[in-house]
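J.: First, the structure itself, so that you have it in front of you.
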Ligand SMILES: *Cc1c(COP(=O)(O)O)cnc(C)c1O
């Protein structure tokens, strides 16, 4: 029997600390001043630096992107029985906080042109539920949604818009950073995102009062009093000063990470786009993506599952496109407005390894496997 060599694992997207060691410098500062928690200088500065980077007036550093969505909904006044429109093609963290607030999600289909919320489906939903309280749009895989049309509809119906920009830090729509168009924007620094703090999130808004209020809720809603007094329900959602130090260091290499992600995307596109049935994620002239995950659809006799299995045999990680929320056992009792686009993207989509530590040799390995599976069956 021949001994098979275990090949080096290629990841979808894994943490990548700066070569310069920026993160450690900020962490060291926190340790040297014995100020590792709760809040502190790293948190204050990370909020300021982040707000400047994306072009928002204010930001609140939180324990996760999910917490940021939860507080955005609360700030929007979403409560029991309220309807919230939510993009169906996304990660469950977008939708779960709607349930935390005892509100009712209505899921909205995607558009082939953006993979994100379809303005046509959104308009149809507004006609069906004119009393809706908030809309959550997502910028998946670093592609931006068609914001002009979505904003126009939200203005027309006078509804709060929340942007889930967890996957789109570094993505611009018509020159403006995603997450800054709506009333609230949220970001994530989870381990697989374009930059990471090991775990964390950010809520941004131009409404400074609302951000101050979010910070208050996130620190157990402690009233101004020496004794512990609470007039509102509180949460433990703040980011620690150590974690914020990682964030400050990572923010310095964001542009480098976007550049590498774009390089990976262009490599795949050059090598794979001519293959039978392959279509890459959409590009639009008004969208400057961060290319967080290079993704494509495959419509041929070779199924995405065949490609993903072949990659796994070579110790290469890949994933299907998100399974839409209206198809999830937990969420399927809620209404869905659309025409089957998100189902199709889920059925045909593949997210390719887009780890910024990948070498050209790694990219070659991925491309070779995909080419052999597709060409073999042609
Ligand atoms: C990662 C992610 C979140 C959640 O962020 P966490 O920081 O992990 O809570 C929300 N929405 C989308 C689209 C995500 O990809």
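J.: Roughly what angle does helix 147-156 make with the longest principal axis of the chain, taking Cα atoms, 0 to 90 degrees, to the nearest 10?
T.: In the chain, helix 147-156 runs at an angle near 40 degrees to the longest axis.
J.: For each of 334, 228, count neighbouring Cβ atoms within 10 Å of the residue's Cβ, then give the residues from fewest to most.
T.: Fewest-to-most ranking of 334, 228: 228, 334.
J.: Running a GNM on the chain with Cα contacts under 10 Å, which residue among 68, 121, 60 ends up with the highest mean-square fluctuation?
T.: The residue that fluctuates most here is 121.
J.: In bins 5 Å wide, starting from 0, what share of all Cα pairs of the range 13-122 does each bin hold, as a percent?
T.: 2, 10, 13, 14, 16, 16, 11, 8, 6, 2, 0
J.: For helix 208-218, what angle does its Cα long axis make with the longest principal axis of the chain, in degrees from 0 to 90 and rounded to 10?
T.: 90
J.: Jot down the radius of gyration and Dmax of the chain, Cα atoms only, both in angstrom.
T.: In order Rg, Dmax, the Cα atoms of the chain give 21.3, 74 Å.
J.: Could you tell me how many degrees, from 0 to 90 and to the nearest 10, lie between the Cα long axis of helix 22-32 and the main elongation axis, the longest principal axis, of the Cα atoms of the chain?
T.: 30
J.: Ranking 157, 268, 184, 263 by Cβ neighbours within 10 Å, fewest first, what do you get?
T.: The order, fewest Cβ neighbours first, is 263, 157, 268, 184.
J.: Report, in deg cm²/dmol and to the nearest 500, the calculated mean residue ellipticity at 222 nm for the chain, where each DSSP H run with n ≥ 4 adds -39500 (n - 2.57) and the sum is divided by the residue count.
T.: -11000 deg cm²/dmol
J.: Order these by the 10 Å Cβ neighbour count, fewest first: 217, 292.
T.: Working: 217 20, 292 27.
The order, fewest Cβ neighbours first, is 217, 292.
J.: Taking the Cα atoms of the range 254-376, what is the range of coordinates along each of the three principal axes, in descending order and whole Å?
T.: 46, 37, 25
Every read-out reported here was derived from the displayed coordinates using simple, explicitly stated rules and does not represent laboratory data. Bear in mind that the values here come from a model prediction, so they are computed numbers and not experimental data. All Cβ positions, even for glycine, are placed from backbone atoms using ideal geometry, and neighbour counts span all protein chains on display.
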